[in-house]
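Below is one structure, written out as structure tokens, with a few remarks after it.
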Amino acid sequence: MTAALEFKEVSYTYPGAPPGAMALERVSLRVEPGERLGVLGPNGGGKSTLLKIAMGLIDGYSGQATVFGMPPRRARRDGLIGYLPQRIEAELAFPISVRQTVASAAALRTAPWRRPAPDVRARVERAIDLVGVAPLADRPIGKLSGGQLQRVMIARAIATAPRILALDEPTVGVDAVGQRRFADLLGTLHRELGLTIVIVSHDIRGIAAACDRVACLARTLHFHDSPGGLTPRILAEAFSHQVEGVFGEVHIDAHAASECAHDHHHGNAHGAGGARADD
Ligand code: ADP
Ligand code: MG
């Protein structure tokens, strides 16, 4: 079967970055249709870069990336991926309503001088309904709470009737109740629309409740079978770069390193052989 999303040995360095300062290094990844993958990693780990490549927003990477067997750019043009970018503040400055926000994505494939076709309008209303913001449809988006805005952005991402939903740090600024509702919402979308879901986040809470499978990304990618397999040790491993900045070098025992290094072939098992096992 064609993978929903597939990366083969994808490496990327931003233009102007120092030589060797790769954002992604030989990242291989396969997400089956209908799967829900969470990618957990520290700030600067390459999570947003990974999604931007999948969205066809970054070129010039090495290796191969495909979305349902197509180059990412084409998949985006065909509306196969719905995307919730990490930064949405800029859009809040526009005094547009919830409905207009959702419609702005759904109308992408309609020539701008034409009225949206009835099926586009129906898709917009369905998306608004599905995420539960119908009572807010005429409100300006600048007046919403964090959780409400998140739902609107998800409505916008699914309004193109995509087959994959890609979410970048979706739970930042959302409280505990909002996080639970968010996980429920993703469960509903997964069930009702058969969506493949990819969430990248540094926040484990945003991932654990909503995904079937988890990978850790800190420039290179390490796989785990289930969120339940995410132990404190694995997290310590994934976040050791960040923690080192605060506490100095971090030692993680060999067992944890081998768990996190489960499916990786490219070195970078820093911490292996360290001495601490007290979690
Ligand atoms: P994450 O989303 O996991 O925090 P990013 O994908 O945003 O990580 O960043 C990965 C690396 O690439 C970081 O070192 C970051 O500083 C660098 N980077 C990100 N965006 C740019 C950019 N537009 N130009 C140059 N470097 C960038
Ligand atoms: Mg990011």
Checklist entry - Which whole-Hz couplings ³J(HN,Hα) result when phi for each residue of segment 183-188 is put into the Karplus expression 6.51 cos²θ - 1.76 cosθ + 1.60, θ = phi - 60°, listed in order with x for Gly and Pro? => result 4, 4, 4, 4, x, 4
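If you count only protein heavy atoms with a 1.4 Å probe, what accessible area per residue comes out for segment 136-194, rounded to a whole Å²? Display every interim value, and only then the final one.
Numbers: 2490 Å² over 59 residues.
With the other protein chains kept in place, segment 136-194 gives 42 Å² per residue.
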Checklist outcome for this item: Residue-normalised value, i.e. accessible area per residue, for segment 46-89 at 1.4 Å probe, in Å², stands at 45 Å²
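What is the percent carbon and sulfur in the accessible area of segment 1-42, measuring with a 1.4 Å probe over the protein chains and ignoring ligands? Don't skip to the answer; put the middle values down first.
On the way: 1030 of 1850 Å².
The value for segment 1-42 is 56 percent carbon and sulfur by accessible area.
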Checklist outcome for this item: Rounded to whole angstrom, the alpha-carbon centroid of segment 7-36 lies from that of segment 168-186 at a distance of 26 Å
Item to check | Phi to ³J(HN,Hα) by Karplus 6.51 cos²θ - 1.76 cosθ + 1.60 over segment 207-220, Hz, x for Gly, Pro | outcome: 10, 4, 6, 10, 10, 8, 9, 10, 10, 9, 10, 9, 6, 10
Checklist outcome for this item: Amide H contacts under 5 Å for E32, restricted to residues at least 5 apart in sequence or on another chain and with H modeled in the peptide plane, are A4
Next on the checklist: Let me cross-check V177: its accessible surface, 1.4 Å probe, with only protein heavy atoms counted, in Å² to the nearest 10?
Outcome noted: 100 Å²
Checklist outcome for this item: Rounded to the nearest 10 Å², the 1.4 Å probe accessible area of T188 is 40 Å²
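Taking all protein chains as present, what is the carbon and sulfur share of the accessible area of segment 136-189, in % to the nearest whole number, probe 1.4 Å? Provide the component values of the computation, followed by the final result.
Working: 1000 of 2060 Å².
Whole-percent figure for carbon plus sulfur exposure: 49.
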Item to check | Long-range HN-HN contacts of G63 with modeled amide H, under 5 Å | outcome: S11
Item to check | segment 1-41: relative contact order in percent, alpha carbon pairs under 8 Å with at least 6 residues between | outcome: 45 percent
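The values are calculated or read from the model by the stated rules, or taken from the named source; none is laboratory data. Note that the structure is a prediction, hence the values are computed from the model and not measured. Quick note on the areas: whole protein, heavy atoms, side chains included, nothing else; ligands and nucleic acids left out. Shrake-Rupley method; radii C 1.70, N 1.55, O 1.52, S 1.80 Å.
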